[in-house]
Amino acid sequence: MNGHTVEKIGGTSMSRTQEVLDNILMGKRKEQELYNRIFVVSAYGGITDMLLEHKKSGASGVYALYAGAESDWAWGDLLNKVGERMCEINMEIFEDDLSCQKADQFVRERIEGVRSCLIDLHRLCSYGHFQLDEHLITVREMLAAIGEAHSAFNTALLLQQHGVNAHFIDLTGWRELDNLTLEERIQQAFSSLDLARELPIVTGYPRCKEGTMMIYDRGYSEITFSKIAVLTEAREAIIHKEYHLSSADPKVVDKDRVEPIGRTNYDVADQLSNLGMEAIHPKAAKGLRQCHIPLRVKNAFDPDHAGTLIDGDYKSDTPCVEIIAGRKGVFAIEFFEQDMVGSSGYDTQLLALLERFKLKIVAKDTNANTITHFVASSLKAIKRVTHAMEDAFPSAAVAVRKVALVSAIGSNMQVPGLLSNAVSALAKADINILALHQSMRQVDMQFVVDEKDYEQAIIHLHEHLIESYSLPAPRSVGAA
């Protein structure tokens, strides 16, 4: 297989079914132009939040209620609501009764099948010989799979209505007894497909021996997407999002002042991922990068725009900043220990504590007697890790402060004066820099600021480093 693309559509975009059909799945394509593409789809917007937990607010979904076991029927009631919402989506998508009935039957089979499993598991674990905690990751995967299968089944059925030879490729392992690796499951699913005549619509969630959710949690669909691209030797991987990968967040900087990046590299994608603004999951990017498969990020609702092409070799000919991005809600954990001067081992012990409490490190800085980790986590976890630090180092002082990180990122930022220009821009806006970082690789500059200054920092850095920035004039030979 070659000459084809592997494309992923996110959940928010999937919810706008007709636009996705008009802009991505079909558009102006006819006959053979419809094929030589593979689509990996996410669950419709909000469905995975109902099945697991709300990604942003943390509100309990079916999984969280079942795992908490506060009520035997609370999770069952919510599972009913998930099924009802899925059938509402079916009614919105399909105009004819027959297709809607097929889609509803598919939902009922999956919902009731999972319900039976969960009831049986709860009954089994009531005897004490079986512990529910040992099976929760499997429960989580079963629930996540419902949403992915629903959207993939509907998309294939909708395309078939329009005369497209679309095939629903179910990687969820529903009612299958085998225990394949991710690679084996994908190879099995694609072994008999003819991409020149068939259009595969693939579930974003795959059941596999490794346990995708145990490793990647809710980032599994991008791993599936990347793995399919690698194993089928795609010429290009494409992610369709509800926005362009732009020079700044248009919700912060006026949308008329930002513009699509157009071209960048995987280094930049990694920096964005570190800030929680994923162009692609870093583990998914790794596979594409190693196999020299370029990634294109497109706006699902601006089909005529080429989007932003990301590859491993690109480096801007002209040194510049390509994007201003940031992250709010970061906690700075400042560890001060006078005895640290001239000693080693403190960093290793602190990292072990952060790992133990599963805190994500976004950045860090250090000097002779202080190590500060900037982490993204809940306040509860922050309190637990700081208490552990104080217990492990009684003579140390541990302080916590809530901050924001703002980064200037680019594939080639090796230009004298860029850092001073950024510092000057923030100073003119009366924004105090609490800390700053720039590595020798020079693909990003990070500024730690007070959380209240987050948006203004992005606005002013975008104005001075992207909108109006010009390279300093070259110095003449012999100039002082």
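Below, the figures for the structure above:
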quantity: Helical mean residue ellipticity (222 nm; -39500 (n - 2.57) per DSSP H run of 4+; nearest 500) of the chain; calculated: -12000 deg cm²/dmol
quantity: Greater than 25 Å apart at Cα, pairs in K102/K227; K56/K380; K209/K298; K286/K358; calculated: K102/K227; K209/K298
quantity: For the chain, with +1 on Lys and Arg beta carbons and -1 on Asp and Glu, the positive-most of V375, Y63, F94 along the dipole; calculated: V375
quantity: Charge sum, other residues only, whose C-beta stays under 11 Å from K452's C-beta, Lys/Arg counted +1 and Asp/Glu -1; calculated: -2
quantity: Rounded to 5, percent antiparallel among DSSP beta bridges of the stretch 190-316; calculated: 35
quantity: Protein-only accessible surface order, largest first, of I361, I238 at 1.4 Å; calculated: I361, I238
quantity: Against the rule of thumb 2.2 N^0.38 Å, how large the Cα Rg of the stretch 1-132 comes out; calculated: 1.33
quantity: Rounded accessible area of S192 (nearest 10 Å², 1.4 Å probe); calculated: 100
quantity: Inter-part distance where the stretch 319-375 and the stretch 1-35 are each reduced to a Cα centre, Å; calculated: 43
quantity: Separation of alpha-carbon centers, the stretch 95-151 and the stretch 272-299, rounded to whole Å; calculated: 31
quantity: Percent carbon-and-sulfur accessible area, the chain, ignoring ligands, DNA and RNA, probe 1.4 Å; calculated: 49
quantity: Heavy atoms of V423 accessible to a 1.4 Å probe, total area in Å² rounded to 10; calculated: 50
quantity: Under 11 Å, Cβ to Cβ, from E7 - net charge with Lys/Arg +1 and Asp/Glu -1; calculated: +3
quantity: Translational D in µm²/s for the chain (Stokes-Einstein at 25 °C, 0.890 mPa s, Kirkwood Rh from C-alpha pairs); calculated: 99
quantity: Simple Cβ-charge dipole of the chain, Lys/Arg +1 and Asp/Glu -1, about Cα centre, in debye nearest 20; calculated: 520
quantity: Surface per residue (accessible, 1.4 Å probe) for the chain, Å²; calculated: 48
quantity: Bridge type composition, the chain - antiparallel percent by DSSP, nearest 5; calculated: 65
quantity: Where Rh is the Kirkwood radius over Cα pairs, Rg/Rh for the stretch 130-261; calculated: 1.05
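The values are calculated or read from the model by the stated rules, or taken from the named source; none is laboratory data. Treat the numbers as computed from the prediction; the structure is a model and nothing was measured. Using ideal geometry, Cβ is built from the backbone for each residue, glycine included, and neighbour counts are taken over all protein chains shown. These area figures cover heavy atoms from the full protein model, side chains too; ligands, DNA and RNA do not enter into them. Shrake-Rupley method; radii C 1.70, N 1.55, O 1.52, S 1.80 Å.
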